[in-house]
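Where a number appears in this text, it was derived from the coordinates with a stated rule and is not lab data. Computed from a predicted model, the values in this text were never measured in an experiment. So basically every Cβ, Gly included, is an ideal-geometry build from the backbone, and we count neighbours across all protein chains shown.
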Amino acid sequence: MKILMVSSEAVPWAKTGGLADMVSALSIKLANLGHDVRIVIPRYYSIDRGALKQLPGAMGTPMGAGIEEWSAVYTTVMPETGKKKETGSSPSGQARLPVNVYFIDHEAYFGRDGIYGSSTETDFLDNPRRFMFFCRAVFQLCRKINWFPDVIHAHDWPAAVAPVYLKFAERVPGSAGGFEKTVSVLTIHNLGYQGIYNKNNFDYAGLGWDAFYKAGFEDWSMLNMLKAGLYSADKLNTVSPNYAEETKIQEHGFRLDGVLRYRSADYSGILNGIDSDVWNPASDKNIPETYSAKNMAGKAKAKEALQKEFGLPRDAGLPVIGMVTRLTDQKGVGELFGPTYGSAWAICREMNLQMVLLGSGEHWCESEIMNLTSHLSNFRAKIGYNEKTSHLIEAGSDFFLMPSRYEPCGLNQMYSLVYGTLPITRRTGGLVDTVENFDENTGSGTGFMFDYLSPSSIYDTVGWAVSTWYNRSKDIENMRKRAMALDFSWERSALKYVELYKQTQKAKGIIQ
Ligand code: ADP
Ligand code: GLC
């Protein structure tokens with residue numbers, strides 16, 4: 001199959017969260033299964049053009065109000081793809097298909113710092129135009145390279161209008177042609193971000209005002225880009241089965257639960273995988289010594305190194321609670337670090353443990369965390385983004401705290417499980433599909449979970465984990481073994497996406 005991933009993020013070029021990991025990992029796995037997968041993202045200012053190849057000629061994209069946008073297109077091949085495979089389970093010498101990546105280079109829209117915003121302008125005012133243009137340019141790109149995909153797979157609100165263009169501008173009589181047999185899939189990674197803007201921006205879409213209603217853009221007189229995608233894409237999915245169910249009810253639907261119920265026959269959940277070349281304690285180059293369930297010496301070394309890196313006393317007997325997170329409300333950081341009511345202070349003051357955090361995000365939270373570190377001797381934090389340190393936290397901690405308010409899938413809890421670091425999480429979203437709560441009677445489970453998000457429930461659940469650590473070490477050991485044996489590899493999920501693509505083609509009558 002020819003599959004085009006349309007996304008605003010993809011590692012290693014542009015990342016603010018798990019979306020970037022998912023898009024690249026899924027693409028690589030699909031290519032390994034023999035599909036022709038290509039990715040298109042904007043060429044942000046931070047992406048070095050010198051490392052890419054420019055396609056000859058400028059590309060014109062017709063937008064509304066008679067505007068034609070001119071851009072350049074750059075391309076490269078995803079690292080580690082398109083090479084002969086030397087090791088591993090498949091027959092040696094077998095070529096892996098390349099994943100070609102295309103970058104839409106529009107200086108006025110993307111030649112600036114930040115993907116969606118900057119420190120002074122958290123959400124760029126022209127975001128609706130930037131990403132509508134991007135979604136339209138995708139079709140011009142296909143014409144330019146004379147490659148027409150079987151499936152357009154769009155991710156989140158910045159790409160959500162691509163399926164709309166397919167349905168209302170490209171797969172219609174009288175269009176420029178080429179996309180008659182193309183189907184679309186839209187994946188929701190985070191329903192909390194929808195791309196809602198003033199409807200004055202809609203002229204620029206060039207779809208005509210009847211499409212404002214017909215394609216589902218209209219949202220209480222505003223323009224909602226994700227909602228239009230949810231109305232118009234041929235199939236929808238999200239990144240865990242449980243989140244797919246949750247989003248159909250009001251509490252988790254961010255006002256779009258009605259749309260998702262309406263489309264429920266076309267809406268499913270597929271759990272993300274993790275990239276086991278990158279996140280694997282048995283081969284991880286970012287930790288002092290690799291380890292496995294059979295030989296845990298490396299985990300003890302990682303704990304020592306973690307305590308050293310964060311300036312904490314080296315002590316194997318103290319439980320270390322780790323966190324790697326975006327500091328936003330979604331992650332439950334209000335309940336943990338909110339001035340006066342957050343429970344991190346009491347957790348660190350009253351329990352015999354150490355706590356380390358790596359994260360960046362909302363300013364109030366960053367400063368509150370730094371404030372706590374100056375008053376607590378057992379809490380240490382680094383504000384910023386650092387891949388290497390995130391590996392050390394996953395490996396060197398005993399528990400991983402993730403009190404998310406909502407979590408479409410969550411990658412960090414899966415990383416921690418395979419590193420034998422037991423998650424302490426809220427029972428929500430993909431956390432339900434990946435973590436099993438500890439049962440004191442049987443000793444079963446892989447983590448510690450709570451339902452209601454509040455400072456005291458976080459406090460109590462951390463307390464439960466810590467008392468289990470001190471009083472029932474055998475149970476902890478067994479939970480670790482169980483966690484490390486879990487399989488979150490991408491292969492299984494990639495096959496489910498292939499199945500979803502085929503179902504979509506069948507539903508549109510393109511294949512039998
Ligand atoms: P989300 O995408 O909602 O932030 P996920 O758990 O799906 O949540 O993915 C988060 C990804 O971002 C993980 O790969 C995690 O390791 C990484 N990450 C988040 N914050 C940091 C940070 N400060 N430093 C390094 N990696 C981080
Ligand atoms: C989003 C979600 C996260 C998910 C990631 C990748 O960022 O917040 O839960 O794991 O997308 O799909």
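ALA169 is checked against (1) out of contact with any strand residue (DSSP E or B) (no Cβ under 6 Å at 6 or more places or on another chain); (2) closer than 17 Å to ARG129 by Cβ; (3) in a loop (DSSP other than H, G, I, E, B) and fails just one. What number does that condition carry?
Condition not satisfied by ALA169: (3).
Quick one: count up the residues across region 328-357 that are within 16 Å of ligand 1 (Cβ to nearest atom) and surrounded by fewer than 23 Cβ atoms within 10 Å (Cβ to Cβ).
Number satisfying all stated conditions: 4.
Hey, among the residues in region 169-192 that are within 16 Å of ligand 1 (Cβ to nearest atom) and of a type outside the set (Gly, Ala, Ser), which one's farthest from MET5 (Cα to Cα)?
Only one residue tops the list, namely LEU191.
On the given criteria, is SER264 surrounded by fewer than 16 Cβ atoms within 10 Å (Cβ to Cβ), hydroxyl-bearing (Ser, Thr, Tyr) and closer than 30 Å to TYR501 by Cα?
Yes: the conditions hold for SER264.
Please enumerate the residues belonging to region 316-345 that are within 15 Å of ARG380 (Cα to Cα) and either among the aliphatic types (A, V, I, L, M) or away from ligand 2 (no atom under 16 Å from the Cβ) (or both).
LEU318, PRO319, VAL320, ILE321, GLY322, MET323, VAL324, LEU336, PHE337, ALA344, TRP345 - these are the residues of region 316-345 that are within 15 Å of ARG380 (Cα to Cα) and either among the aliphatic types (A, V, I, L, M) or away from ligand 2 (no atom under 16 Å from the Cβ) (or both).
Output the number of residues of region 212-242 satisfying the condition of being within 16 Å of ligand 2 (Cβ to nearest atom) and small (Gly, Ala, Ser).
2
How many residues are in contact (Cβ under 8 Å) with a residue 40 or more places away in the chain, closer than 21 Å to ARG130 by Cα and not aliphatic (A, V, I, L, M) when one looks only at region 1-37?
6
Given the structure, is ASN412 touching a residue at least 12 places away in the same chain (Cβ under 8 Å), within 27 Å of GLU245 (Cβ to Cβ), within 16 Å of ligand 2 (Cβ to nearest atom) and of a type in the set (S, T, N, Q)?
When the stated conditions are applied, ASN412 passes them.
Collect the residues in region 255-284 that are of a type in the set (Phe, Trp, Tyr) and within 14 Å of ligand 1 (Cβ to nearest atom), keeping them in residue-number order.
If the condition is that a residue be of a type in the set (Phe, Trp, Tyr) and within 14 Å of ligand 1 (Cβ to nearest atom), then TRP279 is the only one that fits.
For a quick check of your reading: which strands (runs of 3 or more DSSP E) sit entirely within region 335-423 and have at least 3 residues that are closer than 25 Å to SER292 by Cβ and not charged (D, E, K, R)? Steps first, answer last, please.
On the way: elements: 354-361, 379-383, 399-402.
In region 335-423, the matching strands (runs of 3 or more DSSP E) lie at 354-361, 399-402.
Can you tell me which residue within region 21-32, out of those that are within 10 Å of the chain's Cα centre (by Cα) and surrounded by 22 or more Cβ atoms within 10 Å (Cβ to Cβ), is nearest to ligand 1 (Cβ to nearest atom)? Before you say what the answer is, go through the steps one by one.
Of all residues in region 21-32, those within 10 Å of the chain's Cα centre (by Cα) come to 21-23.
Narrowing further to those that are surrounded by 22 or more Cβ atoms within 10 Å (Cβ to Cβ): 22-23.
Details: MET22: 8, VAL23: 12 Å.
Per the stated criteria, the residue is MET22.
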